[in-house]
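**Q** Before I ask anything, here is the structure I am working with.
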């Protein structure tokens with residue numbers, strides 16, 4: 001063999017040896033996981049319940065292996081790995097799974113907590129914040145709901161919330177509230193005076209609303225509660241007929257919401273001849289009354305509306321009652337709405353002598369419709 005032929009044969013042998021060496025390798029191992037993916041790298045079980053299954057796959061050139069086709073990983077677990085090996089004439093290969101974390105159990109003990117107690121008899125009447133809390137033994141709590149309820153009004157409002165763990169499992173725990181933030185409304189508040197009582201009436205948003213009526217003598221600050229209950233009216237008999245009262249009416253609903261205070265003024269049945277810081281409001285057919293003057297045989301009473309005299313009388317007693325209508329100076333008059341002033345003179349001796357002494361004057365008003 002010539003030198004060139006020998007070199008060519010040697011080169012071919014080296015190429016074949018390199019090719020054989022390059023083709024030689026250890027087995028390949030791969031795996032897949034049969035599981036329901038959660039969050040943060042966790043599994044929430046699989047079609048096999050709370051567990052997941054690891055499926056190993058080994059290349060066909062392996063001559064021996066401890067890799068099992070399907071391996072069940074039991075949950076719950078905070079983290080575990082599986083491994084297996086396979087070998088052939090070229091060596092051994094080992095594969096290790098990533099960390100397998102399993103939590104298929106949702107948070108436990110999930111409870112809602114309100115930021116305060118109910119405002120009134122189990123009812124909330126302004127926004128309330130609710131926070132949920134719970135525990136999770138495996139992956140831990142990731143978050144819990146915080147919500148503020150602002151309505152709508154309901155005797156059984158439902159607020160939904162709960163907690164989620166780091167694996168993505170969640171537990172809901174709705175809370176039920178009695179909520180009413182709408183104050184009641186009072187309408188048609190009115191007062192009608194009779195000879196012996198002040199009669200008040202009203203309408204509230206609900207017949208079950210609690211009504212509180214307070215009373216004060218007009219011109220004074222002190223007041224007292226004269227009625228507290230559920231009704232559409234109140235008759236106040238504990239009054240003095242010559243005193244004018246200011247009533248304050250307010251309603252409260254079952255949630256403790258309060259209406260606006262509605263004031264109403266009574267009408268005076270007996271108008272006394274005295275100075276007041278206010279203009280008395282006369283009831284229908286009022287009585288004009290004044291103090292007794294010693295030695296007076298009679299009195300002269302005159303009533304003016306504006307600058308016009310519309311009534312005069314000469315009673316022997318110290319009072320006179322005004323009728324619904326009367327006739328004076330050829331005309332028919334009545335106490336129509338307006339402002340009035342009345343005067344009283346004490347008369348001494350026979351009326352023909354016209355011996356008078358002024359007793360005083362006072363004003364009153366007759367309300368309109």
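Read the figures in this text as sums done on the coordinates, not as results from a lab. Note that the coordinates shown come from a computational prediction; the quantities given were computed from them, not determined experimentally. Reconstructed Cβ throughout: ideal geometry from the backbone, glycine too, with neighbour counts over all protein chains shown.
**Q** What percent antiparallel are the DSSP beta bridges of the chain, to the nearest 5?
**A** 90
**Q** Okay, moving on. For each of 344, 58, 36, count neighbouring Cβ atoms within 10 Å of the residue's Cβ, then give the residues from fewest to most.
**A** Fewest-to-most Cβ neighbours within 10 Å comes out as 36, 58, 344.
**Q** If I histogram all Cα-Cα distances within region 24-102 using bins 5 Å wide from 0, what percent of pairs lands in each bin?
**A** Whole-percent P(r) values from 0 Å outward: 3, 17, 26, 19, 14, 10, 8, 4, 1.
**Q** Kirkwood Rh, Cα Rg: Rg to Rh for region 257-369?
**A** Radius of gyration relative to Kirkwood radius: 1.06.
**Q** Rounded to whole Å and sorted largest first, list the principal axis extents of the Cα atoms in region 120-209.
**A** Largest to smallest, the principal-axis extents are 81, 18, 15 Å.
**Q** Using the count of nearby Cβ atoms within 10 Å as a rough guide to exposure, how do 103, 90, 236, 253 rank from fewest to most?
**A** Lowest count first: 90, 236, 253, 103.
**Q** For the chain, what does -39500 (n - 2.57) per DSSP helix run (n ≥ 4), summed and divided by total residues, give at 222 nm, in deg cm²/dmol to the nearest 500?
**A** Using -39500 (n - 2.57) per qualifying helix, the result is -2000 deg cm²/dmol.
**Q** Output the direction-averaged projected area (hull surface divided by four) of the convex hull of the alpha-carbon atoms of the chain, in nm².
**A** 39.0
**Q** Quick check: pseudo-label points 7 Å beyond the Cα along Cα→Cβ at residue 120 and residue 32, how many nm apart are they?
**A** Between residue 120 and residue 32, the label points sit 6.6 nm apart.
**Q** At a Förster distance of 35 Å, what's the computed FRET efficiency of residue 113 paired with residue 232, Cβ-Cβ distance as r, to 0.05?
**A** 0.30
**Q** If r is the Cβ-Cβ distance from residue 356 to residue 248 and R0 is 45 Å, what FRET efficiency results, to the nearest 0.05?
**A** 0.55
**Q** Report the Cα centroid-to-centroid distance between region 248-284 and region 79-155 in angstrom, as an integer.
**A** Each part reduced to its Cα centre gives a spacing of 61 Å.
**Q** Using only Cα atoms and rounding to the nearest 10 degrees, what angle (0 to 90) does helix 3-23 make with the longest principal axis of the chain?
**A** Tilt of helix 3-23: around 40 degrees.
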